[in-house]
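The values are calculated or read from the model by the stated rules, or taken from the named source; none is laboratory data. Predicted, not measured: the structure shown is a model, and the values here were computed from it. Here Cβ is always computed from backbone atoms with ideal geometry, including for glycine, and neighbour counts include all displayed protein chains.
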Amino acid sequence: MTSNRSYLIRALYEWIIDNGKTPYLVVSTADPQVQVPRGYIEEGKIVFDISPEACRGLHLEIDRIVFTATFIGEPMQIYIPPQSVIAIYAKENGEGMLFSDDMLDVIDAPSDTDDDEPKPPRRNKPSLKLVK
């Protein structure tokens, strides 16, 4: 399965906009594919206002986030792989989602074994229990 991160980013963006708030995107600049203005990077991160008023041509795609933003009067094309997004949140109240490096993109399906012994939960990762 593909990563769920891009879907969550898109859904949260729409939720923030629908509630009349300003969506901010926090991006890690460690990936060499990230194309952002280097002069605005602080501690390996950059924050963007991705509201319709602040950027043009926003495309929240499965494999990339692209838009045009203006910096010191100069338009610049921004390119961000979704895996580089650290968080998306509403500026006004901070509601949104923080993505962690160990976040699971795929939830394990139950196995076909007849093993009745419960397996210990994984450390530092979410776990689900099937309730019938």
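If you check Ile86 against the conditions, is it in contact (Cβ under 8 Å) with a residue 40 or more places away in the chain and out of contact with any His (no Cβ under 6 Å at 6 or more places or on another chain)? Spelling it out, Ile86 is indeed in contact (Cβ under 8 Å) with a residue 40 or more places away in the chain and out of contact with any His (no Cβ under 6 Å at 6 or more places or on another chain).
Scanning the range 31-67 for residues being touching a Phe, Trp or Tyr at 6+ places or on another chain (Cβ under 7 Å), in a loop (DSSP other than H, G, I, E, B) and among the charged types (D, E, K, R) gives a total of 1. Considering the conditions (1) at pLDDT 95 or above; (2) of a type in the set (Val, Ile, Thr); (3) assigned to a strand (DSSP E or B), Thr70 is excluded by exactly one of them, (1).
Taken over the range 78-89, the criterion of being in a strand (DSSP E or B) and under 13 Å from the mean Cα position of the chain (by Cα) is satisfied by Ile80, Val85, Ile86, Ala87, Ile88, Tyr89. If the condition is being touching a helix residue (DSSP H, G or I) at 6+ places or on another chain (Cβ under 8 Å) and either at pLDDT 95 or above or within 18 Å of Gly96 (Cα to Cα) (or both), then the range 1-24 contributes Arg5, Ser6, Ile9, Thr22, Pro23.
Condition first: of a type in the set (Phe, Trp, Tyr), within 13 Å of the chain's Cα centre (by Cα) and surrounded by fewer than 18 Cβ atoms within 10 Å (Cβ to Cβ). Now tell me which residues in the range 1-54 satisfy that. Passing the criteria: only Tyr7. Once the range 73-107 is narrowed to residues that are charged (D, E, K, R) and modelled with pLDDT of 95 or more, the residue that is surrounded by the most Cβ atoms within 10 Å (Cβ to Cβ) is Lys91. Residue pairs whose Cβ atoms lie under 7 Å apart, separated by 6 or more positions or on different chains, with the first residue in the range 61-73 and in contact (Cβ under 8 Å) with a residue 24 or more places away in the chain and the second surrounded by 12 or more Cβ atoms within 10 Å (Cβ to Cβ) and assigned to a loop (DSSP other than H, G, I, E, B), are Phe71/Pro37.
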